[in-house]
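The values are calculated or read from the model by the stated rules, or taken from the named source; none is laboratory data. On a predicted model such as this, the values are computed, not experimentally measured, just so you know. Virtual Cβ from ideal backbone geometry, glycine too; neighbours counted across all protein chains shown. With ligands, DNA and RNA removed, areas are computed over all heavy atoms of the protein, side chains included. Shrake-Rupley method; radii C 1.70, N 1.55, O 1.52, S 1.80 Å.
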Amino acid sequence: MFEEMEIDPDVPIYTSSVVCRLLGVPIWVLKQLDKEGVVSPPRKKQGNARLYSKRELKSLKHAWFYMKERNVNVDGLKVILKMEKDHSKIKKV
């Protein structure tokens with residue numbers, strides 16, 4: 001019987017192609033968000049491939065919601081994400 005393994009949310013294990021399939025995000029979106037520093041996972045040394053963690057998948061899903069459902073471009077997305085981050089810091093104080 002297969003037992004589900006607990007994986008640390010910060011361990012990079014998902015390839016770009018797996019992320020695209022899981023989230024329904026086009027590869028060009030991953031590349032653009034990486035280039036703009038919105039969600040930019042560390043690169044594997046061999047082959048320069050990107051590997052995403054569960055935490056980064058969650059961030060990508062959030063970003064893709066704004067881009068797809070709210071028609072927000074990357075510049076607007078950066079502003080929204082910064083405002084959300086600033087707001088969460090205020091709430092914690």
Inset, instruction - Could you pull out every one of the lysines with an alpha carbon less than 24 Å from that of K61, ignoring same-chain neighbours closer than 8 positions? - result: K31, K35, K44, K78, K82, K85, K89, K91, K92
Inset, instruction - Taking amide H positions as placed in the peptide plane 1.01 Å from N, state which residues far from L51 in sequence (5 or more) or on other chains have amide H under 5 Å from it. - result: K44
Legend entry - Exposed GluC sites (Glu not before Pro) absent - longest run of the chain, DSSP non-H/G/I/E/B, at most 10 other C-beta within 10 Å: 7-93
Legend entry - Listed residues S88, S53 arranged by accessible area, highest first, probe 1.4 Å: S88, S53
Inset, instruction - Relative to the compact-globule scaling 2.2 N^0.38 Å, provide the ratio for the alpha-carbon radius of gyration of segment 26-69. - result: 1.14
Inset, instruction - Quick one: order V18, V39, V79 from most to least accessible surface, probe 1.4 Å. - result: V79, V18, V39
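Report in % the part of the accessible area of the chain that belongs to carbon and sulfur, leaving out ligands and nucleic acids; probe 1.4 Å.
Solvent-exposed carbon and sulfur of the chain make up 56 percent of the total.
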Legend entry - Within the chain, helix-based [θ] at 222 nm, where runs of 4 or more DSSP H residues each add -39,500 (n - 2.57), nearest 500: -17500 deg cm²/dmol
Legend entry - chymotrypsin sites (Phe, Trp or Tyr not before Pro) restricted to DSSP loop in the chain with at most 12 other C-beta within 10 Å: F2
Legend entry - Å² per residue, accessible surface of the chain at 1.4 Å: 77 Å²
Inset, instruction - Taking every Cα atom in the chain, find the radius of gyration and the maximum pairwise distance Dmax, and write them in Å. - result: 14.7, 47
Inset, instruction - Can you check what the net charge comes to around Q32, using other residues whose Cβ is under 12 Å from the Cβ of Q32 (Lys, Arg +1; Asp, Glu -1)? - result: 0
Legend entry - Relative contact order, percent, the chain [alpha-carbon distance under 8 Å, six or more residues apart]: 27 percent
